[in-house]
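As structure tokens, the structure follows; a few thoughts come after it.
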Amino acid sequence: MHNIINHLKKSNNILLTTHSHPDGDAIGSLLGLGLALEQLKIKVSLYNESALPIVYQFLPSIHRIKKDAGNIGDYDTVIILDCSDLHRIGAICESVIKIPVMINIDHHSTNTRFGEFQIIDPVASSTSELVYRLIKEMDIPINVGIAYALYTGIMADTGSFRFSNTTPASFEISHEMVKHGADPHKVAHHVYETISLNRIKLLTMLFDTIEVSENGKLSIMTLTQQMLSASGTLIEDVNGLINYAKRIENVKLAVLLYERKASLRRKSGSEFHVSLRSDGTVNAAALAMGFGGGGHHNAAGFDIRATLPELKKIVFDFSKHL
Ligand code: AMP
Ligand code: MN
Ligand code: MN
């Protein structure tokens, strides 16, 4: 950690980025670290390839995260947050390697250990928790923007302090963030309690797609582009859908098959994104790695080029290992 701190203190212009289709931890760690480094008078640019989910638009300074990475040649350092491998940041991965120093901050057990400097701890609940440790080591004061960002990141990745990655540290840091001004009711209100009517319509369609394997241990939900357009929702408007499939009794592995937008299908070469959630008895990250993806023991994902019937066959075969 000290090498990283020494380096950061010498840096003048830093690009910070995180995985495309960002979740609460990706956004929270990006915003939290960006706002913190800025207090050291370092110039920072925050970048994400995708549109940000509307549920996180309430975060103070969220507008600082841009879809334009600026001029890559201007940066002396790039910080990659919450990414198990560099490709997760999207198309920009080919140009950021030209930035002289890369720092990799992540909590995925499948992290490929890219970059000159790394802070990797698979036991940490979230990347936001690792950002908190770094900010503390650097003695940077926590302001209300940082407090909201890190609280939201930890809350999102622990499923509101319910998942098995919830530790005393998750509560201790959250406690401190609340003391610094993060209002838990406000965060929960925006992230969980506000659902558009269109999203309810999408849910009814999605529930109709649920299939369960013969042994009852695997559930599959399918989300198509046609369902998004018929319900008037955007993918960035929906999150946590897979949790419905995971709550079904006796299910050990829940799977969400998400059909990519036609434009992205061409660009990324994959037809579907597959999300996996385990009850803990099966290693979802190991299954995902078998298809070039990654993640955590209980939550993982991969991208695949296949037709829907081919993909369903592959996924139903997972039930044999459950
Ligand atoms: P998701 O289901 O997409 O929300 O992802 C669940 C977990 O798996 C997250 O921790 C992701 O970072 C990770 N993950 C998802 N897709 C991939 C992928 N294609 N490659 C590596 N890790 C992934
Ligand atoms: Mn993430
Ligand atoms: Mn994370």
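See the values below:
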| item | result |
| --- | --- |
| Between the stretch 263-322 and the stretch 150-165, the alpha-carbon center distance in angstrom | 23 |
| Considering only the chain, percent of DSSP beta bridges that pair antiparallel, nearest 5 | 40 |
| GluC sites (Glu not before Pro) restricted to the stretch 101-186 and DSSP loop, no more than 14 other C-beta within 10 Å | Glu116 |
| Sparsely packed chymotrypsin sites (Phe, Trp or Tyr not before Pro) within the stretch 231-310, loop by DSSP, other Cβ within 10 Å at most 13 | none |
| Charge context of Arg199, other residues only, Cβ under 13 angstrom, K/R +1, D/E -1 | -2 |
| Near-label residues of the stretch 47-85 by backbone N, under 16 Å of a point 7 Å along Cα→Cβ of Glu116 | 73-80 |
| In degrees, nearest ten, helix 127-137 long axis to first principal axis of the chain (Cα) | 10 |
| Accessible carbon and sulfur surface of the stretch 2-192 relative to its total accessible area, %, 1.4 Å | 53 |
| Where the stretch 2-192 is the region considered: accessible area per residue in Å², 1.4 Å probe | 41 |
| Degrees between helix 144-157 axis and first principal axis of the chain (Cα, 0 to 90, nearest 10) | 30 |
| Separation of the Tyr192 and Ala230 label points, Cα + 7 Å toward Cβ, nm | 3.0 |
| Rotationally averaged projected area of the stretch 2-192 (alpha carbon convex hull; nm²) | 9.5 |
| The chain: translational diffusion in µm²/s, Stokes-Einstein, Kirkwood Rh over Cα pairs, 25 °C, 0.890 mPa s | 122 |
| Apportionment of accessible area to carbon and sulfur, the stretch 222-322, percent (1.4 Å) | 53 |
| Gain upon complete extension [Thr209, Lys136; 0.36 nm per residue less C-alpha separation] | 21.7 nm |
| Summed side-chain charge close to Met138 - residues other than Met138 whose Cβ falls under 15 Å, Lys, Arg +1, Asp, Glu -1 | +2 |
| Nitroxide proxy distance, nm - points 7 Å out along Cα→Cβ at Lys261 and His2 | 4.7 |
| Net length gained if the chain between Val178 and Lys43 were fully extended (0.36 nm per residue, minus Cα distance) | 45.9 nm |
| Folded to 0 to 90 degrees: helix 168-179 orientation relative to the chain principal axis, Cα | 60 |
| Per DSSP, loop chymotrypsin sites (Phe, Trp or Tyr not before Pro) in the stretch 145-192 with at most 15 further Cβ within 10 Å | Phe161, Tyr192 |
| Within the chain, longest stretch free of exposed trypsin sites (Lys or Arg not before Pro) [DSSP loop, at most 15 other beta carbons within 10 Å] | 163-246 |
| In nm, spacing of pseudo-spin labels at Lys98 and Lys10 (7 Å Cα→C-beta vector) | 2.3 |
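The values are calculated or read from the model by the stated rules, or taken from the named source; none is laboratory data. A quick note: this is a predicted structure, and the numbers were derived from the prediction, not measured. With ideal geometry, Cβ positions are generated from the backbone for all residues, glycine too; neighbour counts draw on all protein chains shown. Keep in mind that these areas ignore ligands, DNA and RNA; they rest on the heavy atoms of the full protein, side chains included. Shrake-Rupley method; radii C 1.70, N 1.55, O 1.52, S 1.80 Å.
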